[in-house]
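The values are calculated or read from the model by the stated rules, or taken from the named source; none is laboratory data. This is a predicted model, so every value here is computed, not measured. Cβ placement follows ideal geometry from the backbone for every residue including glycine, while neighbour counts extend to all protein chains displayed.
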Amino acid sequence: MISNMRYWFFLVLIILVYIAGMFATLFENDSAQFAVMAMRMVQENDFLSLFKGTEEYLDKPHMHYWLAALSFKIFGIHDWAYRIPALLATLFGAYSCFGLGKLLYNRETGKLAVLIFMTAQTIVLSVIDVRTDAVLTGSAIFAIWQLATYIERGTLSSILLGAFGAGIAFSTKGQIALLVIGLPLLCHLGYTKKWMAFLNWRVVVGLLVFGLTIAPMLYAYYHQFDMHPEKIIRGKGNRSGIFFIFWEQSFERLSGEGVGKNSSDYFFFFHTFLWVFLPWTVLGLLAYWNRAKTLVKSKFAFNPNNEILTIGGITLIFIIISFAQFKLPHYLNIVIPLFSVLTASYIYGLYNNPERKFIKTLLGIQYFILGLIFIASAFICYLVFKLDNPYNYIWKVSLALAIVYYILKQEDYYFKIITISVLSSVFLNAILNMHFYPSLLKYQAGSSMAEKIKENGVPVADICKLSPAHTWGLDFYNKSPVKISSFKDIEGKKNIWVYVSDEELRELHQKGFDWDRQYSVNQFRITRLQAKFLNPNTRKKVVRKMHLVHIY
């Protein structure tokens with residue numbers, strides 16, 4: 001394994017990259033939306049009800065919002081405060097990867113799994129563009145680790161901690177959490193044939209702990225929905241929140257009912273995996289193939305030197321989520337800890353591998369990925385958003401020199417594979433967090449307009465909008481949801497501010513409204529990038545404007 005000094009140097013670099021992204025503006029839609037939902041909990045002192053704008057929110061349980069609200073209570077309502085639970089959950093998940101890797105293999109595999117997990121592209125992104133998946137991923141892998149420990153050692157503390165982790169995961173995302181935790185463990189039980197571990201009084205205690213952990217979430221659902229059968233939620237009355245979270249939720253996701261359909265591509269997650277696990281993608285696929293081949297050759301006969309928990313969990317989860325009619329890339333976050341442990345075991349096995357030519361080929365592949373990252377970084381820094389701060393060159397050149405040093409350093413290919421992979425992720429995400437995202441977010445109208453409102457002393461209470469379209473960035477940074485009005489509502493009113501699109505501005509003019517002050521900002525859906533936007537020469541063709549006008 002790499003030296004402790006280099007290992008901790010890498011961890012410090014990775015955490016610094018995470019911290020740099022903590023201060024970026026919140027992304028619309030989900031990050032800013034969830035932050036507003038948690039903010040309302042704090043402002044209205046109502047921690048039992050969830051609202052998405054004017055609508056009552058049934059879709060996801062409360063844990064993510066409670067943790068964000070707690071952070072707001074402690075640190076104040078800031079974008080970086082919203083990200084603190086996600087960062088802590090990711091560090092917790094990384095430590096759990098270490099524990100699971102150590103349990104299934106050895107300490108060195110566990111340490112390597114931490115580096116792989118924390119540098120996987122989708123995990124880094126999940127602490128910047130924070131949704132519910134960071135808390136889900138961290139608590140789920142913790143539960144898997146502790147429950148696998150119970151299966152192997154039968155300790156009461158392990159099943160209690162595992163049940164608690166499963167409860168937090170379930171209270172964060174619902175049924176998918178139990179699926180993610182249960183499938184790998186079932187594979188492990190089937191392979192090791194240690195079914196008797198769950199015919200034990202300790203399991204009853206564990207179930208009790210699980211029930212107590214999810215009780216606050218169930219009560220919140222009961223309070224908001226079951227106690228009010230008259231409420232119409234998604235066109236239906238008499239909705240039970242408890243029935244929804246135990247039964248309806250995942251079926252809605254699989255069918256697309258309620259949340260809509262966005263992809264019937266059954267291979268969506270297979271090609272999405274190619275980028276979400278960068279820079280470890282090729283190594284991860286080889287690890288999967290190598291383990292699958294070994295298991296098939298042995299006809300799945302038990303071998304104490306093998307395990308099926310990771311590959312079995314990955315396979316079954318992939319199959320199930322691929323049939324969902326509503327798919328998003330971050331749904332894969334839940335399998336990244338398993339892939340990290342599996343890939344770590346494969347890389348660790350390379351250390352004593354006599355096939356030096358093959359390992360040299362793997363190093364060449366990682367060099368190729370590094371080369372692509374350098375090209376992408378140059379594209380970002382010198383074409384998409386040109387550097388305008390000379391201080392940016394200091395850390396970029398320093399990182400580049402560190403990479404060159406390790407490329408030229410004479411050492412075993414095994415160490416170089418790990419080092420080049422980690423530094424590839426660090427370099428790319430440092431560019432993204434400290435240059436690309438800050439530049440990109442200037443094209444997010446809501447947060448940009450909130451800055452102008454603050455700079456010009458516009459009274460937040462006097463602002464309204466003419467469309468029910470959500471304005472999460474503006475809501476969060478104003479620390480107040482924008483009121484929805486109509487042309488009829490504002491007719492005859494004086495001294496009000498109206499937030500409008502280009503089309504609504506023209507309609508205001510056509511209807512005879514007049515204004516004496518106007519602030520305009522660029523608007524682009526930044527989470528749906530396209531070539532015309534990335535090209536500065538064609539960017540104006542796809543960027544719209546949002547306006548704030550003062551009707552006097």
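Brief remarks on what is shown
- The listed residue being under 27 Å from LEU529 (Cβ atoms), of a type in the set (Lys, Arg) and not assigned by TED's automatic domain parsing to the domain that holds PHE244, out of LYS73, LYS60: LYS60
- Taken together, the residues in region 31-50 that are touching a strand residue (DSSP E or B) at 6+ places or on another chain (Cβ under 8 Å) and either in contact (Cβ under 8 Å) with a residue 60 or more places away in the chain or in the same structural domain as HIS330 (by TED's automatic domain parsing) (or both) amount to 4.
- Contacts under 7 angstrom Cβ, first residue in region 7-20 being in contact (Cβ under 8 Å) with a residue 60 or more places away in the chain, partner part of a helix (DSSP H, G or I) and among the basic types (Lys, Arg), 6 or more apart: TYR7/LYS111
- Of all residues making up region 379-403, the number that are outside any helix (DSSP H, G or I) and either among the aliphatic types (A, V, I, L, M) or surrounded by 12 or more Cβ atoms within 10 Å (Cβ to Cβ) (or both): 2
- Criterion applied to ILE347, ILE359, ILE321 was being touching a residue at least 40 places away in the same chain (Cβ under 8 Å), part of a helix (DSSP H, G or I) and within 16 Å of THR272 (Cβ to Cβ), and the one residue passing it is ILE321.
- Looking at region 54-162, the helices (runs of 4 or more DSSP H) lying wholly inside it that each contain 3 or more residues that are without any contact (Cβ under 8 Å) to a residue 60 or more places away in the chain sit at 63-75, 79-104, 133-153.
- Only one entry in ALA86, ALA68 is of a type in the set (Gly, Ala, Ser), surrounded by 20 or more Cβ atoms within 10 Å (Cβ to Cβ) and closer than 21 Å to LEU11 by Cα, namely ALA86.
- In region 204-231, residue modelled with the highest pLDDT [restricted to those that are over 18 Å from LEU178 (Cα atoms) and of a type in the set (A, V, I, L, M, F, W, C)]: ALA220
- Flag for THR137 being of a type outside the set (D, E, K, R) and farther than 30 Å from ILE431 by Cβ: no
- If the condition is being β-branched (Val, Ile, Thr), under 30 Å from LYS494 (Cα atoms) and assigned to a helix (DSSP H, G or I), then region 420-465 contributes ILE453, VAL460.
- Within region 492-524, the set of residues being farther than 13 Å from HIS550 by Cα, modelled with pLDDT of 95 or more and surrounded by fewer than 18 Cβ atoms within 10 Å (Cβ to Cβ) comprises ASN522 only.
- Selected residue (only one of PHE164, PHE142, PHE170, PHE210 is surrounded by 15 or more Cβ atoms within 10 Å (Cβ to Cβ), more than 21 Å from ILE311 (Cβ to Cβ) and in contact with a Leu (Cβ under 8 Å, 6 or more places away or on another chain)): PHE170
- Selection status of PHE34, in contact with a His (Cβ under 8 Å, 6 or more places away or on another chain), modelled with pLDDT of 95 or more and farther than 30 Å from ALA402 by Cα: yes
- In this structure, THR343 qualifies as at negative phi, polar (S, T, N, Q), touching a Leu at 6+ places or on another chain (Cβ under 8 Å) and modelled with pLDDT of 90 or more.
- Where a residue in region 472-496 is closer than 28 Å to LEU26 by Cβ and its partner, wherever it lies, is surrounded by 21 or more Cβ atoms within 10 Å (Cβ to Cβ) and among the acidic types (Asp, Glu), with Cβ under 9 Å and at least six apart: TRP472/GLU28; GLY473/GLU28; PRO481/ASP475; VAL482/ASP475
- Every listed requirement among (1) in contact (Cβ under 8 Å) with a residue 40 or more places away in the chain; (2) surrounded by fewer than 20 Cβ atoms within 10 Å (Cβ to Cβ); (3) closer than 20 Å to LEU332 by Cα is met by LEU178 save one, (1).
- When region 1-28 is filtered for residues that are buried (at least 16 other Cβ atoms within 10 Å of the Cβ) and more than 26 Å from THR109 (Cα to Cα), the ones remaining, listed by number, are ALA20, GLY21, MET22, ALA24, THR25, LEU26, PHE27, GLU28.
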